[in-house]
There are 2 protein chains.
Amino acid sequence: MALSSTTYSIKSKSFMVRRYTSPDEYPFTKNLPEPILPPLSYPELLAPINFDLNDKIYSIYINEIVPAITKRDGFDGNNGSSATKDVEVLQLLSRRIHMGKFVAEAKFQDVKDGPLYKELIKTGDSKGIMELLTNKTVEERLLKRLRRKAETYGREIDDAPIDKNDGLRIKADVLVDLYERVVIPLTKEVEVLYLLKRLDY
Amino acid sequence: MALSSTTYSIKSKSFMVRRYTSPDEYPFTKNLPEPILPPLSYPELLAPINFDLNDKIYSIYINEIVPAITKRDGFDGNNGSSATKDVEVLQLLSRRIHMGKFVAEAKFQDVKDGPLYKELIKTGDSKGIMELLTNKTVEERLLKRLRRKAETYGREIDDAPIDKNDGLRIKADVLVDLYERVVIPLTKEVEVLYLLKRLDY
């Protein structure tokens, strides 16, 4: 075989493939090695307002999300596999929540709302900004869509006909609740923090 | 915050969390570092017949599967992200295919078929073993279930009612075809290779 598995053998070294150089990815770790791939140039859609909520996301993940989706007691030995899934989920949560920067930028540039945001930013009115960017109708639609996702992708497949009410591997209620209590508020927090500094650029 | 993100900062070093020490995981790479977690003891379900088809799986992935699921031309720049997904898919394929060892062991221990396998193994009749372990009904049921999985998990979710025939992110036909041509035959190859050596233990 031309492409032998030994050609990419690992010698106790991490190879980065440009993860976290993308403007929608924030690492939970520091002192990452340089990517082995050449840098990509991304379109500059955001003002260079550099912050992230990863410490907070990490803390909420450990203290709220994990207890909500796992059994309280017992140890199944799979802490290695769990750790790899933790990393995956944390990165997905982080990416989703920091998307708020892009949402905020679009709102800032909006012809109608843009000037309203500018006024609020000038006086540092974070409460006013939060009120202006909150759209309950959109949030409810999002939660409805999330429930449908949980009911579809979380479904067990067997030979029986598809039934909406059983065979779910995850409880849709738990997911919707976490989104409502954690993901949406953190996303909006990102939006507010971004907007508060937006006039500096 | 008690659990600071700096506590698990990476210093150009790979940390293994016991992946590939599990009897259903086969690495595509060599010279892996030692896990930082203590070893787990797994129940000894298999005879110690050590082989894997990862070189073959890797070659088929590159030469058949990737061309079947990607566009032939063009470069979207996402080779870093693609590489991480390649690793994930290769590991899943490998795990699924090497499950054949467990299937073969169960067949070998079967009260009815066990003696038949022993006869065929004694004469090294790999063709006969392949025929005995092939169950077309089971294969067809598996492919049918796979199609339902693709139609369920591969569905786009929007506000419109669920319709079986559109909004699929992947073509169920392509997936079923790859399973029929690649995954099932390789799994059966694992079963035959395992059984051929089974009487040595």
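The values are calculated or read from the model by the stated rules, or taken from the named source; none is laboratory data. Not measured: the values here are computed from a predicted model. Reconstructed Cβ throughout: ideal geometry from the backbone, glycine too, with neighbour counts over all protein chains shown.
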Which numbered condition B:PHE51 misses (of (1) in a helix (DSSP H, G or I); (2) touching a helix residue (DSSP H, G or I) at 6+ places or on another chain (Cβ under 8 Å); (3) within 14 Å of chain A (Cβ to nearest Cβ)): (1)
Every residue from region B:54-65 that is within 12 Å of chain A (Cβ to nearest Cβ) and not charged (D, E, K, R): B:ASN54, B:ILE57, B:TYR58, B:SER59, B:ILE60, B:TYR61, B:ILE62, B:ASN63
Unmet criterion (only one of (1) more than 22 Å from the chain's Cα centre (by Cα); (2) without any contact (Cβ under 8 Å) to a residue 12 or more places away in the chain) for B:LYS118: (2)
Selection within region B:22-51 - farther than 19 Å from B:GLU88 by Cβ and among the β-branched types (Val, Ile, Thr): B:ILE36, B:ILE49
Verdict on A:GLY74 being exposed (fewer than 14 other Cβ atoms within 10 Å of the Cβ), more than 11 Å from chain B (Cβ to nearest Cβ) and not hydroxyl-bearing (Ser, Thr, Tyr): yes
Cβ-Cβ under 7 Å pairs, at least 6 apart or on other chains, region A:54-73 side without any contact (Cβ under 8 Å) to a residue 40 or more places away in the chain, far side among the aromatic types (Phe, Trp, Tyr): A:TYR58/A:PHE28
Per-region count, region B:119-144, residues within 14 Å of chain A (Cβ to nearest Cβ) and out of contact with any Asp or Glu (no Cβ under 7 Å at 6 or more places or on another chain): 6
Hey, A:LEU32 surrounded by 13 or more Cβ atoms within 10 Å (Cβ to Cβ), at pLDDT below 85 and farther than 22 Å from A:GLU180 by Cβ or not: yes
Criterion: surrounded by 16 or more Cβ atoms within 10 Å (Cβ to Cβ) and part of a helix (DSSP H, G or I) - qualifying residue of B:LEU90, B:LEU116: B:LEU90
Options A:ILE65, A:ILE69; residue that is of a type in the set (A, V, I, L, M) and closer than 23 Å to A:GLU191 by Cα: A:ILE65
Residue match in region B:62-82 (condition: of a type in the set (Phe, Trp, Tyr) and under 16 Å from B:HIS98 (Cβ atoms)): no
Some residue of region B:79-87 being over 21 Å from B:ASP177 (Cβ atoms) and aliphatic (A, V, I, L, M): yes
Selected residue (criterion: surrounded by the most Cβ atoms within 10 Å (Cβ to Cβ)) from residues of region A:121-140 that are in contact (Cβ under 8 Å) with a residue 12 or more places away in the chain and among the hydrophobic types (A, V, I, L, M, F, W, C): A:ILE129
Which numbered condition B:ILE170 misses (of (1) under 25 Å from B:ILE65 (Cβ atoms); (2) at pLDDT below 95; (3) surrounded by 16 or more Cβ atoms within 10 Å (Cβ to Cβ)): (3)
